[in-house]
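The values are calculated or read from the model by the stated rules, or taken from the named source; none is laboratory data. Worth saying up front: this structure is predicted, and the values here are computed from it rather than measured. Cβ coordinates were reconstructed from backbone atoms using ideal geometry, including for glycine residues, and neighbour counts include every protein chain displayed.
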Amino acid sequence: MNLMKRTISKKILYPVLLSFIFIIMVMMPPYVSPYTIILLNSIFMYIVLTVSWTLFSGPTHYLSLASAAFFGIGIYVSAILGDKLPLLVVIGLGGLISFLLALLVGLSSLRLRGMYFTIFTFGLSELIRHSVQWWEVNRTGTVGRWVIAVDHTTVYYVMLAILLITLVVTYIIKHSKYGLALLSIGESEEAADHIGINVNAMKIITFAISTFFMGATGAIMATRWTYIDPSIAFNPLFSFMPVLMAIFGGIGHIFGQILGAGVLTLLADILLTKFPYYYMLLYGMILVIVVLFLPKGLTGLKEEVKKWLKVD
Amino acid sequence: MLEVNKINTFHGKVRALWDISLRIAEKEIVSLVGGNGAGKTTMLYTISGILHPASGTMEFLGNRIDGRSPHQIVKMGICFVQEGGKPFPDMTVRENLEMGAYIRETWKKKEEMLDHVYKTFPLLKQRAGQLARTLSGGERQMLAMGRGLMSRPRLCMFDEPSYGLAPLLVKIFFASIKTLREQGMTILLVEQNVRQALEISDRAYVLENGRVVLEGKSGELLQNDHVKKAYLGL
Amino acid sequence: MRILEGDGIIKNFGGLAAITNVNFYINQGEILGLIGPNGAGKTTLFNLMSGSLSLTSGVIRFKGENITGLKPHQICKRGMARTFQLVKLFGNMTVLENILLGSLFGTLTGIRQSNALEESLELLEFVGLSGMDGILAKDLTVANQKRLEVARALATKPELLLLDEFMAGLTPTEVSLAIGLIKKIRDKGITVFMIEHVMKAMMSVSDRIIVLHHGEKIAEGIPEEITTNQKVIEIYLGA
């Protein structure tokens, strides 16, 4: 249900514009350098992670730091089964196993709120990393694994498809009554429960849906590293970056999340190439400055500029 | 004792108080009455320093208080008991009360003050070791009032003190207001229980839409036609 | 018919006995009042009824069905709604969205979204908040927030409405208006169970009143009986 007021022109303009952009994206690969394709793959990956993270954590304010766990599971599914099963099946499995794990995680963390939930998810992510490491070393007898190679262009098209599906599903949920219900859970969980919203079920299912996309992404992006081990696959950075990107871009709108992920990934890449020794410092500084002056992220820029102009 | 002159306070862009002036003399009980959204709480927030007025002046015991921060105003001798009490939920009743005497001068005498508050509100003594968040709504109110008294204020401001209190406790509370005055306290009372507020106070101001529309002796206001119709439901 | 029955209700918080062996019932269509000193356990009893808290022992029957142990959303869908002592609105959402959620999720049968919108607008008018549909809930005055909470509860199409200190903080004139609203609710066929300290309201709308003290029911009867009850005067009303 479209509860936000939209003018007629926007209703036609946005889908047309987006279809146009999509078509360009589909046609692009033969005309651009491999470097650009690889960069775009990274951008798509971070957009999916950010948008799916925000699907649950945005409205409910349950900040999950377990994204790395689900992303990593996707990577491992690919590493273990990549040479035995067709690509699309592997990706589907990556998503599915993440989904199932998320259901378990959700059920076990039901009573946790606020900071406790966040730390629990972080601890969980680390637990999974250490567990996989233990299993690999003691049972399988390896530390890392080789990943089957897939060419960049294939990765590009798969990621683009996953991105499209993620955006469509997120948009549909956000603008449905379930999106409204998720917001109400973030406002007052007890009240939401008392007006008939099955809060527990909604939290767990939404959380699991968001992790499906993370797992699927992990499965296809595994090929970006030829060799993976638990510390690469379950790198906590994949838990923190989506949060930063969402806040940076503007957590309230899907467009903000896309912008945040896109800009920060691009920025990291540019800084890394131009200032290889200082890029972390500069990256951090830019993050701090933006969050200090634009509390609503980049999408709040228009508002802030208006405020500044009025002051002058 | 307290002089408020042409205060204008804004909530963001919206003006909540329009040129409000009022005065309270020592040992007076003054009430501020009015409907929901009239600006009563905003007035208290402005006096206590939580909100700063956009224009106008306020003086307490001859010293300017507008623009000062809340903790400075507490030090000067004004205590503000907020609506609903707002006790510190994870501290015990006793700890909450002790926090009320935080200012250095009163901290030394806190045992004495504690006894005094326990006498006024025996229920608090009963529940002294309980965590504040386990108290019921009305009990929290009582706790907040006790906590406010701990700082030995000269002027005590109460925001909706009878909110959620059982009738018996309301009677006890208003009786203790009288006791407080006998002990030398000056009191500013904001109440939606208009009848009780007018019955106990010496003078009153009636606020509507952020402006003072009536002021005078409480006894006279109780007979006022507008007050009777708009507030007393008569 | 007894729409709500509580049998042998006991609730302990660790060593603290909050509710001790309370038995009560509400007849369909009546307005039952619940009074008692602060800390007597009134809101706790409501929390037990609505599913927020679990019973230590005892049985709750709603419309003849045993609802002990059900979750709040299940109880809501069966027809019991409530408001809270400290208003729990969805502050950053609009007035309309608050009510709409109640309408969309509060019933066992689904509802078409266009119908939900219509119903919500009607309820807005019913409680006296016409024209405020686009305002954020947190920007309302306290009295209006309480009305909104009632509207949201009514959107779930309850047969029994639990009101927790609905009149707190209202001027006598506002209390009269609120009493009018409760009567309108009763006229719609909804049974009302209300906690109140404002005796004027209690007296004018309640059919019966029960009195809680230290977690026990110490009196029950029609308003006149209660206000002349010695014990009640001693522990609650004052002389």
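Within region A:290-297, does at least one residue satisfy the condition of being closer than 30 Å to A:Arg145 by Cα, hydrophobic (A, V, I, L, M, F, W, C) and either surrounded by 15 or more Cβ atoms within 10 Å (Cβ to Cβ) or out of contact with any helix residue (DSSP H, G or I) (no Cβ under 7 Å at 6 or more places or on another chain) (or both)?
Here is the first cut: in region A:290-297, the residues closer than 30 Å to A:Arg145 by Cα are none.
Within region A:290-297, not a single residue is closer than 30 Å to A:Arg145 by Cα, hydrophobic (A, V, I, L, M, F, W, C) and either surrounded by 15 or more Cβ atoms within 10 Å (Cβ to Cβ) or out of contact with any helix residue (DSSP H, G or I) (no Cβ under 7 Å at 6 or more places or on another chain) (or both).
Looking at region B:119-141, which of the residues that are within 12 Å of chain C (Cβ to nearest Cβ) and hydroxyl-bearing (Ser, Thr, Tyr) is nearest to C:Gln85 (Cα to Cα)?
B:Ser136
Looking at A:Ala201, A:Ala216, A:Ala191, which is the one that is of a type in the set (A, V, I, L, M), buried (at least 18 other Cβ atoms within 10 Å of the Cβ), within 14 Å of another protein chain (Cβ to nearest Cβ) and on the phi < 0 side of the Ramachandran plot? Break it down stepwise before answering.
Working: A:Ala201 fails: buried (at least 18 other Cβ atoms within 10 Å of the Cβ); A:Ala216 fails: within 14 Å of another protein chain (Cβ to nearest Cβ).
Only one candidate passes the filter, namely A:Ala191.
Within region B:1-58, work out how many residues are part of a loop (DSSP other than H, G, I, E, B), away from every other protein chain (no Cβ under 14 Å) and over 17 Å from the mean Cα position of the chain (by Cα). Give the steps one after another, and end with the answer.
At the first step, the residues of region B:1-58 found to be part of a loop (DSSP other than H, G, I, E, B) are B:1, B:12-13, B:25-28, B:34-39, B:49-54.
Of the ones still in play, those that are also away from every other protein chain (no Cβ under 14 Å) are B:1, B:25-28, B:49-54.
Filter again for over 17 Å from the mean Cα position of the chain (by Cα), leaving B:52-54.
Residues in region B:1-58 being part of a loop (DSSP other than H, G, I, E, B), away from every other protein chain (no Cβ under 14 Å) and over 17 Å from the mean Cα position of the chain (by Cα): 3 in total.
Within the group C:Arg82, C:Arg78, which residue is crowded, with 17+ Cβ neighbours inside 10 Å and under 25 Å from A:His61 (Cβ atoms)?
Going through C:Arg82, C:Arg78 in turn, just one is crowded, with 17+ Cβ neighbours inside 10 Å and under 25 Å from A:His61 (Cβ atoms): C:Arg82.
Return the total of residues in region C:1-44 being outside any strand (DSSP E or B) and not charged (D, E, K, R).
Summing the residues that are outside any strand (DSSP E or B) and not charged (D, E, K, R) in region C:1-44 gives 13.
Going residue by residue through region B:111-120, is there one that turns out to be surrounded by fewer than 20 Cβ atoms within 10 Å (Cβ to Cβ) and not in a helix (DSSP H, G or I)?
Checking region B:111-120: not a single residue is surrounded by fewer than 20 Cβ atoms within 10 Å (Cβ to Cβ) and not in a helix (DSSP H, G or I).
For region C:27-62: of the residues being within 13 Å of another protein chain (Cβ to nearest Cβ) and of a type in the set (Val, Ile, Thr), which is farthest from A:Ala192 (Cα to Cα)?
By that ranking, first place goes to C:Ile35.
Does any residue of region B:77-99 turn out to be within 14 Å of chain C (Cβ to nearest Cβ) and closer than 21 Å to B:Ile20 by Cβ?
yes
Each row is one residue, and each column tells you yes or no for (1) within 14 Å of chain B (Cβ to nearest Cβ); (2) touching a residue at least 40 places away in the same chain (Cβ under 8 Å); (3) on the phi < 0 side of the Ramachandran plot.
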{"site": "C:Leu154", "(1), (2), (3)": "no, yes, yes"}
{"site": "C:Pro158", "(1), (2), (3)": "no, yes, yes"}
{"site": "C:Leu161", "(1), (2), (3)": "no, yes, yes"}
{"site": "C:Ala168", "(1), (2), (3)": "yes, yes, yes"}
{"site": "C:Thr173", "(1), (2), (3)": "yes, no, yes"}
{"site": "C:Gly180", "(1), (2), (3)": "yes, no, yes"}
{"site": "C:Lys184", "(1), (2), (3)": "no, yes, yes"}
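For C:Ala143, are the conditions met, namely being part of a helix (DSSP H, G or I), surrounded by 15 or more Cβ atoms within 10 Å (Cβ to Cβ) and away from chain B (no Cβ under 14 Å)?
no
Can C:Asn66 be described as free of Cβ contacts under 8 Å to residues at least 24 places away in the same chain and within 18 Å of the chain's Cα centre (by Cα)?
Here the answer is no, as C:Asn66 does not meet what is asked.
Which of the residues that make up region A:194-213 are among the aliphatic types (A, V, I, L, M), more than 14 Å from the chain's Cα centre (by Cα) and part of a helix (DSSP H, G or I)? Before the answer, list the steps.
As a first pass, look at region A:194-213 and keep what is among the aliphatic types (A, V, I, L, M): A:195, A:197, A:199, A:201-202, A:204-205, A:208-209.
Now narrow it down to the ones that are more than 14 Å from the chain's Cα centre (by Cα): A:195, A:197, A:199, A:201-202, A:204-205.
The answer is A:Val199, A:Ala201, A:Met202, A:Ile204, A:Ile205.
I'd like the residue in region C:204-239 that is closer than 24 Å to C:Lys146 by Cα and surrounded by fewer than 17 Cβ atoms within 10 Å (Cβ to Cβ) and, out of all such residues, is farthest from the other protein chains (Cβ to nearest Cβ).
C:Asp207
Is it the case that region A:261-277 has a residue that's farther than 30 Å from A:Ala222 by Cβ and part of a loop (DSSP other than H, G, I, E, B)?
no
Could you list, in sequence order, all residues of region C:186-213 that are without any contact (Cβ under 8 Å) to a residue 12 or more places away in the chain and β-branched (Val, Ile, Thr)?
Once the filter is applied, which keeps residues that are without any contact (Cβ under 8 Å) to a residue 12 or more places away in the chain and β-branched (Val, Ile, Thr), region C:186-213 yields nothing.
With region A:29-137 as the region, which helices (runs of 4 or more DSSP H) entirely inside it contain at least 2 residues that are touching a residue at least 24 places away in the same chain (Cβ under 8 Å) and surrounded by fewer than 19 Cβ atoms within 10 Å (Cβ to Cβ)?
Working: elements: A:34-60, A:67-81, A:87-108, A:114-135.
Counting at least 2 such residues, we get A:34-60, A:87-108, A:114-135.
Residues in region B:171-185: is at least one under 30 Å from C:Asn12 (Cβ atoms) and either at pLDDT 80 or above or within 11 Å of chain C (Cβ to nearest Cβ) (or both)?
yes
Do we have C:Lys138 as part of a helix (DSSP H, G or I), of a type in the set (Lys, Arg) and within 10 Å of another protein chain (Cβ to nearest Cβ) here?
Answer is yes for this residue.
So, B:Ser176, is that one out of contact with any Asp or Glu (no Cβ under 6 Å at 6 or more places or on another chain), of a type in the set (Ser, Thr, Tyr) and either closer than 21 Å to B:Tyr45 by Cβ or assigned by TED's automatic domain parsing to the domain that holds B:Ala101 (or both) or not?
On the way: out of contact with any Asp or Glu (no Cβ under 6 Å at 6 or more places or on another chain): yes; of a type in the set (Ser, Thr, Tyr): yes; either closer than 21 Å to B:Tyr45 by Cβ or assigned by TED's automatic domain parsing to the domain that holds B:Ala101 (or both): no.
Criteria not met by B:Ser176.
Need pairs with beta-carbon distance below 9 Å; first residue over 17 Å from C:Val95 (Cα atoms) and within region C:111-126, second of a type in the set (Phe, Trp, Tyr) and surrounded by fewer than 18 Cβ atoms within 10 Å (Cβ to Cβ); sequence gap 6+ or separate chains.
none
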